[in-house]
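Below: the structure, in structure tokens.
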Amino acid sequence: PFPTAAAARNAVLGFRPEDARVVEPGSGLLDARVFTAELTGDMTLVTLSVGQEDTVVAKMPRDFMCDYDANVGVDVDRDRIFLFDGDGGERLDTAVAAGGSTPALAND
């Protein structure tokens, strides 16, 4: 769903845990595997393995249940996605996530 120009810049996808949801495999932005799920009182923090080395965290309702090592999807509201330059760390223009054609530095 992201333009190839973002990949060419070694872009890094970012989002906040409260903007992520664990969904059925194949129905989200990312496919992942459940690494841990920790009930913290009013919510469950779910840490998910994406690929070989990356992890993401989703804040789910306190009654969320899942099996460890389960394959799941991770969905994120597209307007809550941020892209960062993988080399310099600068935030890229978020219009890319909404379907823009070329990432630009947010300060441009």
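Points to keep in mind about this one:
To keep it simple, each residue is scored yes or no on (1) surrounded by 12 or more Cβ atoms within 10 Å (Cβ to Cβ); (2) among the charged types (D, E, K, R); (3) at pLDDT below 95.
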residue	(1), (2), (3)
LEU29	yes, no, yes
ARG33	yes, yes, no
THR36	yes, no, no
MET43	yes, no, no
VAL46	yes, no, no
GLU53	no, yes, yes
PRO61	no, no, no
ALA70	yes, no, no
GLY73	yes, no, no
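- Of residues in the range 15-27 being over 20 Å from PHE84 (Cα atoms) and assigned to a strand (DSSP E or B), the one most open to solvent (accessible area, probe 1.4 Å): ARG21
The values are calculated or read from the model by the stated rules, or taken from the named source; none is laboratory data. In this text the structure is predicted, and so the values were computed from the model without any measurement. Every residue, glycine as well, gets a Cβ built from its backbone with ideal geometry; the counts of neighbours run over all protein chains shown. In case anyone asks, the SASA skips ligands and DNA or RNA and just uses the protein heavy atoms, side chains included. Shrake-Rupley method; radii C 1.70, N 1.55, O 1.52, S 1.80 Å.
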